[in-house]
Amino acid sequence: RSILKVQKSNAEKSKRMEKEEKIFRETFVYDKEINVINTATAECSVPSKRRADLPVTAGEQLDVIDVTEGNAVICRNSEGRYGYVLVEHLNFR
């Protein structure tokens, strides 16, 4: 039974991540292949101010997907959500 729960949970997570990727591609008009170029840890909690911003929690692990002009990078969190995060809020160690 526990194996079936894990498989169902993984299937739901996969569907959710696909949906988030679709929303990201539409919102950001992003047609490049999604590759993780780095990982970072959020140094502080930051709420999102705009729809394109990714709200982060202190200590949260993020995948850096792309570098932008200016001081923000496009990140993905563990739930599969994408958005801009300011470099000053990230620790790349």
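Just a few scattered comments:
- Label-point separation in nm, E79 to R25, each point 7 Å along Cα→Cβ: 2.2
- Kirkwood hydrodynamic radius (C-alpha pairs) into Stokes-Einstein, the chain, 4 °C and 1.567 mPa s, D in µm²/s: 93
- Rounded to 10°, Cα long-axis angle of helix 2-28 versus longest principal axis of the chain: 30
- Accessible surface, the range 21-91, averaged per residue in Å² (probe 1.4 Å): 60
- Calculated mean residue ellipticity, 222 nm, the chain: -10500 deg cm²/dmol, from DSSP H runs (n ≥ 4) at -39500 (n - 2.57) each, averaged per residue and rounded to 500.
- Other-chain or far-sequence residues with amide H under 5 Å of N38's (modelled H): V64
- Taking the chain as the region of interest, the number of lysine pairs whose Cα atoms are within less than 20 Å, with members eight or more places apart or on different chains, is 6.
- In this rough spin-label picture, where each label sits 7 Å from Cα along the Cβ direction, the E69-E18 distance is 3.6 nm.
- Sparse packing (at most 13 other Cβ atoms within 10 Å of the Cβ) combined with a DSSP loop state is found for the following chymotrypsin sites (Phe, Trp or Tyr not before Pro) in the range 36-93: F92.
The values are calculated or read from the model by the stated rules, or taken from the named source; none is laboratory data. What you see is a predicted model, and the numbers here were worked out from it, not measured in a lab. Neighbour counts run over all protein chains shown; Cβ positions are idealised from the backbone, glycine included. To get the accessible areas, we keep the full protein, side chains included, count just its heavy atoms, and leave off ligands, DNA and RNA. Shrake-Rupley method; radii C 1.70, N 1.55, O 1.52, S 1.80 Å.
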